[in-house]
């Protein structure tokens, strides 16, 4: 069995790669970030070279999907590594979760995978 495959089997949430404008804010400053991947549980971002995520800081992510459509979620730092910083979603509003769900459905192509993610999110 391949190492990458085993790691994916242990994940509770499917990630999708999505290229869209995204911004991260700590309440004082806002930075453009590169969205590496996104899930119901959080995201993986690439920061500008001069910015380092701080543990214990509350972050807000905005992913712009269209002119008037955006996903907004509150985040907490989980993992900070060169080139990739992992965040866990601590709160997401109803409109954003609906948009994220639609985006995941389109990209996963399998409704049962999304259902599994939603069950993991709700603890069902």
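The values are calculated or read from the model by the stated rules, or taken from the named source; none is laboratory data. Predicted model only: the values in this text are computed from it and were never measured. Ideal geometry is used to build each Cβ from the backbone, glycine not excepted, and the neighbour counts take in all protein chains shown.
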**OP:** From 104, 100, 44, grab the single residue that is at pLDDT 90 or above and surrounded by 17 or more Cβ atoms within 10 Å (Cβ to Cβ).
**Re:** 44
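Suppose we keep only residues that are touching a residue at least 40 places away in the same chain (Cβ under 8 Å) and assigned to a loop (DSSP other than H, G, I, E, B) within the stretch 26-64. Which one would you say is nearest to residue 87 (Cα to Cα)?
So the residue we want is 41.
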**OP:** Examine the stretch 60-74 for a residue that is modelled with pLDDT of 95 or more, surrounded by 14 or more Cβ atoms within 10 Å (Cβ to Cβ), touching a strand residue (DSSP E or B) at 6+ places or on another chain (Cβ under 7 Å) and more than 17 Å from residue 20 (Cα to Cα), and state whether such a residue exists.
**Re:** yes
Subject >> Extreme residue, farthest from residue 36 (Cα to Cα), among residues of the stretch 65-79 that are in contact (Cβ under 8 Å) with a residue 12 or more places away in the chain and outside any strand (DSSP E or B) >> reply: 69
